[in-house]
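A.B. asks: What follows is a single structure, and I will ask about it in a moment.
The values are calculated or read from the model by the stated rules, or taken from the named source; none is laboratory data. For clarity, every value in this text was computed on a predicted model and none was experimentally measured. Cβ placement follows ideal geometry from the backbone for every residue including glycine, while neighbour counts extend to all protein chains displayed.
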Amino acid sequence: MSKGIKIGHRRSVLVAGLAILSASFGACDRREEPVAAFVTGGDPELGRAAISRYGCGSCHIIPGIQGANGLVGPPLSGIANRVYIAGVLTNTPENLMRWIQDPPSVDPLTAMPNTGVTEADARNLASFLYTLQ
Ligand code: HEC
């Protein structure tokens, strides 16, 4: 008798736990949605060209860019939906441009160098990266 009560209790704790888990996943989805919709004011096609000019593909796998198969940094696929940039900045257009222009000023220990990206190119690069869902 008392055994039955214990099992029932455990089951309800499990159900409550699952409910909390699924509720927090739901909240997470909602928070990520606006990230993908951010507008930078740049030109994605100019950004695509800038990727090749600055050699981003020597360190990153970048979908849709020929020869962009570097393994030094993380693949940039799905960057539009990422919550953080390099694990240190929240993923906003301003922060993405800041990162692209001068990563070591954000995180002195990062392996991504300052490649001398201009402000206009950072805007175009960010607008291209936000097409990578
Ligand atoms: C010498 C190699 C190298 C080059 C060149 C390089 N990166 Fe990176 N990049 C990295 C590394 C390493 C990281 C991971 C940084 C970290 O987590 O501290 C990174 C991180 C990033 C991130 C964040 C990724 C994430 O998952 O959060 C973005 C965006 C990015 N790079 C864009 C670019 C762009 C755009 C260019 C070209 C202008 C570029 N990178 C050139 C090495 C490089």
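A.B. asks: If you go through segment 113-126 one residue at a time, how many are assigned to a helix (DSSP H, G or I), surrounded by fewer than 22 Cβ atoms within 10 Å (Cβ to Cβ) and within 6 Å of the ligand (Cβ to nearest atom)?
C.D. replies: 0
A.B. asks: Quick check on my filter: what residues within segment 82-106 are more than 17 Å from ASP43 (Cα to Cα) and loosely packed, with under 15 Cβ neighbours inside 10 Å?
C.D. replies: VAL83, TYR84, GLY87, VAL88, THR90, PRO104, SER105
A.B. asks: Still on this structure: Just checking, does segment 94-104 include any residue being within 15 Å of LEU132 (Cα to Cα) and either within 13 Å of the ligand (Cβ to nearest atom) or modelled with pLDDT of 55 or more (or both)?
C.D. replies: Checking segment 94-104: at least one residue is within 15 Å of LEU132 (Cα to Cα) and either within 13 Å of the ligand (Cβ to nearest atom) or modelled with pLDDT of 55 or more (or both).
A.B. asks: Provide a single number: the residues in segment 107-116 that are among the β-branched types (Val, Ile, Thr) and under 23 Å from ASP43 (Cβ atoms).
C.D. replies: Residues flagged as among the β-branched types (Val, Ile, Thr) and under 23 Å from ASP43 (Cβ atoms) within segment 107-116 amount to 1.
A.B. asks: Could you tell me whether THR110 is without any contact (Cβ under 8 Å) to a residue 40 or more places away in the chain, surrounded by 13 or more Cβ atoms within 10 Å (Cβ to Cβ) and outside any helix (DSSP H, G or I)?
C.D. replies: Spelling it out, THR110 is indeed without any contact (Cβ under 8 Å) to a residue 40 or more places away in the chain, surrounded by 13 or more Cβ atoms within 10 Å (Cβ to Cβ) and outside any helix (DSSP H, G or I).
A.B. asks: Does segment 63-84 include one or more residues that are in contact with a helix residue (DSSP H, G or I) (Cβ under 7 Å, 6 or more places away or on another chain), near the ligand (Cβ under 10 Å from one of its atoms), in a helix (DSSP H, G or I) and touching a residue at least 24 places away in the same chain (Cβ under 8 Å)?
C.D. replies: Yes, segment 63-84 contains a residue that is in contact with a helix residue (DSSP H, G or I) (Cβ under 7 Å, 6 or more places away or on another chain), near the ligand (Cβ under 10 Å from one of its atoms), in a helix (DSSP H, G or I) and touching a residue at least 24 places away in the same chain (Cβ under 8 Å).
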